[in-house]
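The values are calculated or read from the model by the stated rules, or taken from the named source; none is laboratory data. The structure presented is a predicted model; accordingly, all values stated were derived computationally and were not measured. Glycine also receives a Cβ, built like all others from the backbone with ideal geometry; neighbour counts cover every protein chain displayed. These area figures cover heavy atoms from the full protein model, side chains too; ligands, DNA and RNA do not enter into them. Shrake-Rupley method; radii C 1.70, N 1.55, O 1.52, S 1.80 Å.
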Amino acid sequence: MPSYEAPLVELKRIEKSYAPRTATRSRKVRAVRGVSLSIRRGETLGLVGESGCGKSTVGRIAARLLEPSGGTLHYQGTDITNVRGKTLRRLRQHIQYVFQDPYASLNPRFTIGRLLEEPLKYNRIGNRRERQREVVEMLERIGLDAAYKDRYPHELSGGQRQRVGIVRALMLNPEFVVLDEPVSALDVSVQAQILNLLKSLQDERSLTYLFISHDLNVVHYISDRVAVMYLGSIVEIADVHDLYERPSHPYTQALVSSIPAERGAGKRESVILSGDLPDPAALIGGCPFRTRCRHAFDRCAAEMPDWSEVAEGHAVRCHLWNEEQAGTDVRQTEIFASAGGTGL
Ligand code: ADP
Ligand code: MG
């Protein structure tokens, strides 16, 4: 059933520029370029792309931890781009952020019990006994017995630490959680446990997730919809199965084709990306992917493509898909051919 409810979180034409990090650089880094995303209540939106493409910047803006240079952020239909003070503090209870490395976000001098109790204490929730009970319940929920409350972060394994990082973010019962590469630092064997924990917590607590990762398998496993990011722009968005079965942007095709066969949809020709990720500060105008795209033609350097709808809920930003070219353009058939598909 289609839902007509307003999205829980909405980013509208978000821009973010950073001052250059080194003195030898003069141009600003345009880390995020006109990103618009709607996140529906209760869903997991995956955000995937190579390192440095701007995923964390989008995530931090969505969590209201970082102010955009342009565009607006809406939460439950209200513009929260510029809220401050008490309103912002209240908002912080509803929106949480989980970092890739919980070691960096968990104060090493605090016990696990104190780390978990702190958000409650800071917000003056419950008395000490009630808070302690809540802490023990949360520990049990993640499979750690009560004795763990007296341990320190360094006494835990990476997976245990990330479980603590996740429930710590949930202590205040948030609605929306940005998960920034939450399993990227963990062994593959531990990743599935954490992803399953995230899924069951989401069901129990009706959470909405923005799940950031550079790993397509991980994103495939956890997401309802997926947005693909390249050099500051979203280039494709679709329901998860649609995206992996019918990747339509040449960049998404290259990413999906590099997934080992049993995970991708059928046998496909591997599309190897040529060239390096261009310097985001140097790229001006046109499609950001053009310097590595094997289909690029003159129009790609001249203008940034608009969104085209490939199927319902599946949109792509690529000139190959522009309406005026549809039907007449052989490149479209080439896209399907290069996507591999069934080999018919
Ligand atoms: P991702 O999470 O996809 O790896 P980021 O959002 O961290 O990407 O970074 C996007 C771009 O912005 C990169 O080129 C990065 O070097 C740059 N960047 C990120 N944070 C800063 C900062 N605080 N100052 C300057 N440049 C930054
Ligand atoms: Mg990042």
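The figures follow:
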read-out	value
Interchain or long-range residues, amide H under 5 Å from Ser233's placed H	Arg33
Overall dimensions of the range 1-144 by Cα: Rg and Dmax, Å	18.5, 56
Mean Cα-pair separation over length for the chain, i.e. relative contact order, pairs under 8 Å, 6 or more apart, %	18 percent
Within straight-line cross-link reach of Lys16, aspartates and glutamates at Cα separation under 12 Å, skipping those fewer than 8 residues along the same chain	Glu67
By accessible area with a 1.4 Å probe, ligands and nucleic acids excluded, highest first: order of Arg13, Arg168, Arg225, Arg151	Arg13, Arg151, Arg168, Arg225
Principal axes of the range 149-214: Cα extent on each, largest first, Å	31, 30, 17
Heavy-atom accessible area ranking, 1.4 Å probe, most first, across Thr72, Thr24	Thr24, Thr72
Accessible area expressed per residue, the range 60-136, with surrounding protein chains retained (probe 1.4 Å, Å²)	59 Å²
Percent accessible area from carbon and sulfur atoms, the range 88-200, protein chains only, probe 1.4 Å	45 percent
Solvent-accessible area of Ser56 with every protein chain in place, 1.4 Å probe, in Å² to the nearest 10	50 Å²
For the range 6-12, Karplus couplings with θ = phi - 60° (6.51, -1.76, 1.60), whole Hz, Gly/Pro x	4, x, 5, 10, 9, 9, 10
CD proxy at 222 nm, helix term only [per DSSP H run n ≥ 4: -39500 (n - 2.57); per residue of the chain; nearest 500]	-9500 deg cm²/dmol
For the range 166-182, 3J(HN,Hα) per residue [Karplus equation, 6.51 cos²θ - 1.76 cosθ + 1.60, θ = phi - 60°, Hz, x = Gly/Pro]	5, 5, 4, 5, 9, 4, 9, 6, x, 9, 10, 10, 8, 10, 9, 6, x
Computed magnitude of the charge dipole of the chain (debye, nearest 20; Cβ of K, R +1, Cβ of D, E -1)	1700 debye
Rounded accessible area per residue of the range 214-264, 1.4 Å, Å²	31 Å²
Long pairs among Lys121/Lys149; Lys28/Lys55; Lys12/Lys55; Lys149/Lys199, criterion Cα-Cα beyond 20 Å	Lys149/Lys199
Pairs of Cα atoms farther than 38 Å apart, the chain, %	20 percent
Candidates Val190, Val164, Val235, ranked by Gaussian network fluctuation over the chain, Cα under 10 Å, top entry	Val190
Estimated vicinal HN-Hα couplings, Hz - the range 35-40 in sequence order (Karplus 6.51, -1.76, 1.60; Gly, Pro = x)	8, 10, 8, 10, 10, 7
Among Glu117, Glu130, Glu175: highest mean-square fluctuation, GNM of the chain, C-alpha pairs under 10 Å	Glu130
